[in-house]
Amino acid sequence: MRELFKKIHLWLSLPLGLIISVICLSGASLVFEKEITRAVLREPDTVNAQSGEIRQRPKSLPFFQTMRKVHRWLLDPPAAKGKKSVGKVIVGVSTMAMVVVLVSGLVIWVPRNRKALKARLTVSVTKGWKRFLYDSHVSIGFYCTILLLLMALTGLTWSFGWYREAAYSLFGDMEPQAVRRLFYSLHTGSWGGIITKILYFIAALAGGLLPLSGYWLWWKRTHRRKLKA
């Protein structure tokens, strides 16, 4: 069974890894959009002192507008809200694949004994670059899995209407607008303030780098096999 999950992990990562990297890295760039925009434009929100309602939001900087288009549609936005585009579908399919890659990676990660557990939880910096990249891929991937899964599972509500309806239905009679806000906060990390935003930024950055280290490890392994053949 472990070998099956290794194959699933590999054969989904190879064709879609770069797209997953783009989605994660562009997402990481958006985590602190509001804070950076306020600092750059110096336009704080106008807030109703009694209700706490935000009446006016800062403008979005061109950089973040582009990153949002990359993150959601790979620069191929739909012609109208609710419509499909090639970029939107690719992002959705890649995000679904990312969920499978993360789950299969977690299954592969599970150690066989206590000694192996220690190795899976630490990153060696004294045994060469290959070991460092391997440990980083395994350990950092494990530490970021929960947050990356949360981002992916909530992000899919913007890609597929059928998924959004199924996910929202899990919350019963809760108002759709409230569910939408909940999913947005869970996707962006805003639910816990600056601490969760920092954690989400780190996890999204790691999510963008993990496929790249995975490609390198795969290439080194296949190259070594060719030399032995």
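The values are calculated or read from the model by the stated rules, or taken from the named source; none is laboratory data. All values reported here derive from a predicted model rather than from experimental measurement. Positions of Cβ are backbone-derived with ideal geometry, glycine not excepted, and every protein chain shown enters the neighbour counts. Remember, those area values only see protein heavy atoms, side chains included, never the ligands or the DNA or RNA. Shrake-Rupley method; radii C 1.70, N 1.55, O 1.52, S 1.80 Å.
Computed values, structure above
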{"read-out": "Unit charges on C-beta of K, R, D, E only; dipole of the stretch 108-152, Debye", "value": "320"}
{"read-out": "Within the stretch 103-229: Cβ-based charge dipole about Cα centre, in debye rounded to nearest 20 (Lys, Arg +1; Asp, Glu -1)", "value": "1320"}
{"read-out": "Accessible area per residue in Å² at 1.4 Å probe, computed on the stretch 149-229", "value": "61"}
{"read-out": "For the chain, with +1 on Lys and Arg beta carbons and -1 on Asp and Glu, the positive-most of Phe32, Ser190, Thr222 along the dipole", "value": "Thr222"}
{"read-out": "Cβ charges +1 (Lys, Arg) and -1 (Asp, Glu), total dipole of the chain, debye", "value": "1320"}
{"read-out": "Mean Cβ neighbour count within 10 Å, used as a protection proxy, ranking 28-36, 150-158 highest first", "value": "150-158, 28-36"}
{"read-out": "Most to least packed among 193-204, 16-27, 1-12 [average Cβ atoms within 10 Å]", "value": "16-27, 193-204, 1-12"}
{"read-out": "Positive-pole candidate from Ser169, Leu199, Val179, dipole of the stretch 164-229, charges at beta carbon", "value": "Leu199"}
{"read-out": "Extension reserve of the Lys69-Arg181 stretch, reckoned as 0.36 nm per residue once the Cα distance is removed", "value": "38.3 nm"}
{"read-out": "Directionally averaged projected area (convex hull, Cα atoms, the chain), nm²", "value": "17.0"}
{"read-out": "Ranked by how many other beta carbons lie within 10 Å on average, peptides 74-81, 141-148, 94-101 from highest", "value": "94-101, 141-148, 74-81"}
{"read-out": "Axial C-alpha extent at least 15 Å, average Kyte-Doolittle at least 0.0 - helices from the chain (DSSP)", "value": "2-30, 86-109, 141-155, 194-228"}
